[in-house]
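Following: one structure in C-alpha cells, then a few remarks.
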Amino acid sequence: VKPVTRRIALIAATGLVLAAYPAFVLGTVYAQWFSADLPGGRNGPSDAYRHSLASATVAYTASPRLVALVTRVMERDGIGSDMRAMDAHNNRIGARIGAHATSWGDMQDRVLHAVQAGAVNTADADTITWLPRERWLDRMY
C-alpha cells in the first residue's frame, strides 16, 4: 500500500471514530430522554435532563474536561442568556455526576434523581435548574 493511500485511510478511520462518539452520546441520551417523559421540552426539566445526562455521559466515557470545553464552545460558558446559563449550570452538574459514577446505570440513575430534585432558577451549584414554566417550549431540543 502506498504511503499516501495509507495516510488517507488513517485520516478516514480517524474521522469515522470522531463522528461515532457524538452519535453514541446522542443515541444513548435520547433513548433515556424519551423514556423519562419529563415536561418542558426546551427550557424545562426535560431540557435540564438532556443536558445533564449528555454531560454525565461524556464525563463518564471520556472526561469532565471535554464537557467543560464543549460547554465553553456551545454554551459560551453560560454567558449571554438565561438559557445558556441554565444549560452550562446543568452541564457542570452532569459532568460531576459522570466523573464520580461507579457504573453506567449509577450515572443514569443519579442524573434522573438530580433532575427530579431540581428547581426553577436555582443558583445552587449542586441543584439542577430550569426556567419558569412560561418559558418552556414544546420541542425536542
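The values are calculated or read from the model by the stated rules, or taken from the named source; none is laboratory data. As the structure is a computational prediction, the values presented were derived from the model and not from experiment. Reconstructed Cβ throughout: ideal geometry from the backbone, glycine too, with neighbour counts over all protein chains shown.
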Failed condition for Pro39, given (1) assigned to a helix (DSSP H, G or I); (2) surrounded by fewer than 22 Cβ atoms within 10 Å (Cβ to Cβ); (3) not charged (D, E, K, R), with all others met?
(1)
With Val73, Val115 as the choices, which residue is at negative phi, in contact (Cβ under 8 Å) with a residue 60 or more places away in the chain and among the hydrophobic types (A, V, I, L, M, F, W, C)?
Val115
Quick check, is Asp47 more than 16 Å from Asp126 (Cα to Cα), touching a strand residue (DSSP E or B) at 6+ places or on another chain (Cβ under 9 Å) and among the acidic types (Asp, Glu)?
yes
Residue that is at pLDDT 95 or above, out of contact with any helix residue (DSSP H, G or I) (no Cβ under 6 Å at 6 or more places or on another chain), small (Gly, Ala, Ser) and over 19 Å from Gly27 (Cα atoms), where the choices are Gly44, Gly105:
Gly44
Looking at region 50-66, can you tell me whether even one residue there is β-branched (Val, Ile, Thr) and farther than 24 Å from Tyr21 by Cα?
no
